[in-house]
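Step one of this worksheet: look at the structure below.
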Amino acid sequence: MTTNDNNNKILKTGSLKKTGASYEIITLAPSDIPQILKLQDEVFDSLSGDEQNFLLRKDKSWFESHFAHGNIVLGIVSEGKLVAQSVILHPTAQHPKSGMTDMALDAKPEEVTVLQGVIVHPDYRGNKLMTFMVDEWLAVANAQGRKHALAEVTTENFFSWSVFMKEGLGIHSLGCDKSDGTDLYNMYAEVAPLMEKRLSGAFNSAAAVVKVPLLDLDSQKTLTEAGFLGVAFEAANQNIVFEAPKKAAKAPKAPKI
């Protein structure tokens, strides 16, 4: 795959951590849909049966509609090959659907940005490519004045939701895909304040926190319904750290869990 300045805007360049090969983060175009679908199939085929539930494959017509409505697909190209991609959905008043399965947010469609379908070719994992794409997503959203960043991840997809956490998004609420019963984390951040934190390095400043076991979804739901946000994962003891709302004049008392 070669980038074309008429269709692909280069957002960032760098070198892969594992091999030192160069890469480019670019905006993909409708002409790239065959490569987008090819990578999607390669990643899906590399997953185990249970892991395949993490990836909801989209077809050619879906991507054609996505581009036609002014939305974005980010790609990472290395050694002439598309090796990672993610879908950025920017709802509008004319097309207000966010693609989130089970989350209510009091915001206008034009204020929302959603990251979907983040995938990395199996041969290129371990290079922090998802992190790079989340970085660029937030930068694009901030530049376009989008205020609320959202992403949906199955609770079992530890790798993805832990990356979102490291990048400053938190578990806003828990949902369920009614079609198959899959438990979901709704990841959320306010874009502008998050970008300011990222620049200052002041992630997750001191606040009242509650630690909940990874598999205790009921307690996690109780906390999010009380306004707490899941902000970190402690691998050593398998706990998710939930933080009290910062905007409250006085940190609310954690509900009994």
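The values are calculated or read from the model by the stated rules, or taken from the named source; none is laboratory data. Just so it is clear, the model here is predicted, and its values are computed rather than measured. Backbone-built Cβ (ideal geometry, glycine too); neighbour counts: all protein chains shown. These accessible areas exclude ligands, DNA and RNA; they are computed on the full protein's heavy atoms, side chains included. Shrake-Rupley method; radii C 1.70, N 1.55, O 1.52, S 1.80 Å.
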Hull surface over four for the Cα convex hull of segment 40-83, reported in nm², is 3.9 nm²
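Where only protein heavy atoms count, and the probe is 1.4 Å, what is the accessible area per residue for the chain in Å²?
It amounts to 51 Å² per residue over the chain.
Given the convex hull over the Cα atoms of segment 6-135, what projected area results after averaging over all orientations, in nm²? The partial results should precede the final answer.
On the way: hull surface 35.0 nm².
Spelled out: convex hull of the Cα atoms, projected over all directions, averaged, 8.7 nm².
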Ranking Q116, V191, A93 by how far each Cα lies towards the positive end of the charge dipole of the chain (+1 on Lys and Arg Cβ, -1 on Asp and Glu Cβ), the top one is V191
A student asked for the Cα radius of gyration and Dmax of the chain in angstrom ought to give 18.4, 57
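Express the relative contact order of the chain as a whole percentage, based on alpha carbon pairs under 8 Å and six or more residues apart in sequence. Don't skip to the end; give the middle numbers.
Values: 434 pairs, mean separation 33.1, N = 257.
After rounding, I find 13 percent.
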Expected sort for 133-142, 85-94 on mean C-beta neighbours within 10 Å, highest first, is 133-142, 85-94
So, with points 7 Å from each Cα along the Cβ direction, the D177-H95 label distance in nm works out to 2.2 nm
Output row, site K81, 7 Å Cα→C-beta label point, backbone N cut-off 12 Å, window segment 24-39, residues 39
Taking a ≥ b ≥ c as the square roots of the eigenvalues of the Cα gyration tensor, with a/c under 1.5 meaning rounded and otherwise prolate when a/b exceeds b/c and oblate if not, segment 127-171 is oblate
Listed by chain and number, the aspartates and glutamates with an alpha carbon less than 19 angstrom from that of K9, same-chain partners under 8 positions apart left out, are E24, D32, E64, E79, D135, E136
Residues of segment 116-152 with backbone N under 16 Å of the label point set 7 Å from the Cα of A192 along Cα→Cβ are 139-149
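Note down the net charge around H148, summing +1 for each Lys or Arg and -1 for each Asp or Glu among other residues with Cβ under 11 Å from its Cβ. List each step's numbers first, then the result.
On the way: positive: K108, R146, K147; negative: D106, E110, E111, E190.
Combined, the nearby Lys, Arg, Asp and Glu give -1.
Considering only protein heavy atoms and a 1.4 Å probe, what is the carbon-and-sulfur percentage of the accessible area of segment 78-199?
Working: 2590 of 5230 Å².
Here carbon and sulfur together make up 50 percent of the probe-accessible area.
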Hits in segment 129-165: amide N under 20 Å from the 7 Å Cα→Cβ extension of A236, namely 162-163
Length gained if Q52 through D102 is fully extended, taking 0.36 nm per residue and subtracting the Cα-Cα distance, is 16.0 nm
